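Here the structure is laid out as structure tokens; the discussion comes afterwards.
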Amino acid sequence: MLGGVRFGLPALFASVACVLAASCSGPGTTIVPTGAANNGRPDYWGHRAGPQGFDTVIIDAGHGGKDSGATSGATGQKEKDLALDTAKRLQRQLGGRVKTRLMRSDDTFIDLDDRAARASGKGNTILVSLHYNSSGSAIRGPETYYWRVDSHGLATRFQRAMASVSPAESGNRGMVRRRLRLTRNPDIPCVLLEIGYLSNPAEARLCADPGYRDKMAAAIARAILDQQAKGDAGTGPLPRPINAPPSRPTDPAGS
């Protein structure tokens, strides 16, 4: 479930590159090239094709600890628990085919700034953040959130993967381009997945089924491996670049 969303598109400040260069270009980092896409300045907005051949996947189970996220009225299950369970299933599904790192492995609270910091400076890495949604009781179906241009191919693969598992009556809520705290991370491609709506009784019961979560994890794993092998091939044209500041420690909590 999302919180603290910013909808504005601030103007591009030329000084951002100078201010953030030291924190975004550490040893081994390959995610900050220069080029015509950004007039020769360091590119913190992912104005490039998506990742291919990456060797590490950071799996972020949303919420945790004092932050339960959504809670299902139908099953009583909490988003933080389902997200962690799905993260571990995804790690098992990936096996040794790519390195994996769990953002949290137990019921621990990690604020969004810390999550972004732990993902920053990691070359040849992607981040997938797992969530379960909440809204009106009639709304259901998986959704995928992304922001950076280089996250578009991943987002496309993830949405296709989740829709292939989700029942037809859930529909396909598609991809949403939104500047969230993690999706606008300055260092690596990141996609946030809302696997299902806990506020919808039928979908909440479906998400409570370990077998269903395992199928979702397997589909998400296949999407990751497809992106690793093929890059953006088959995911359609890249979206337009958007110039907006990347995440900063000074951003409001939850943004």
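Quick note: the coordinates plus some simple rules give every number you see, no bench work behind them. In this text the structure is predicted, and so the values were computed from the model without any measurement. Don't worry about glycine lacking a Cβ; one is built from the backbone with ideal geometry, like all the others, and counts go over all protein chains shown.
Of the peptides 119-132, 49-62, the order by per-residue mean of other Cβ atoms within 10 Å, starting with the highest, comes out as 119-132, 49-62.
The range 87-110 and the range 126-142 have their alpha-carbon centroids 19 Å apart.
Taking the Cβ of Val176 as the center, what net charge do the other residues with Cβ under 10 Å away carry, scoring Lys and Arg +1 and Asp and Glu -1? Display every interim value, and only then the final one.
On the way: positive: Arg173, Arg177, Arg178; negative: Glu143, Glu194.
The answer is +1.
A simple spin-label model places the labels of Thr108 and Arg240 4.2 nm from each other, with each point 7 Å out along Cα-to-Cβ.
Sort 191-203, 173-185 for me by packing, meaning the mean count of neighbouring Cβ atoms within 10 Å per residue, highest on top. Don't jump to the answer; show the numbers that get you there.
Values: 191-203: 25.3, 173-185: 20.3.
So the order, starting with the most tightly packed, is 191-203, 173-185.
One decimal place: the segment Ser137-Lys66 gains 23.1 nm when fully extended, by the rule 0.36 nm per residue minus the C-alpha distance. Seen from a random direction on average, the alpha-carbon convex hull of the range 15-230 projects onto 11.7 square nanometres.
For the range 158-221, state the semi-axes of the equivalent ellipsoid (square roots of 5 times the eigenvalues of the alpha-carbon gyration tensor), sorted largest first and rounded to whole angstrom. Intermediate values should be presented prior to the final figure.
Values: eigenvalues 110, 35, 25 Å².
Result for the range 158-221: semi-axes of 23, 13, 11 Å.
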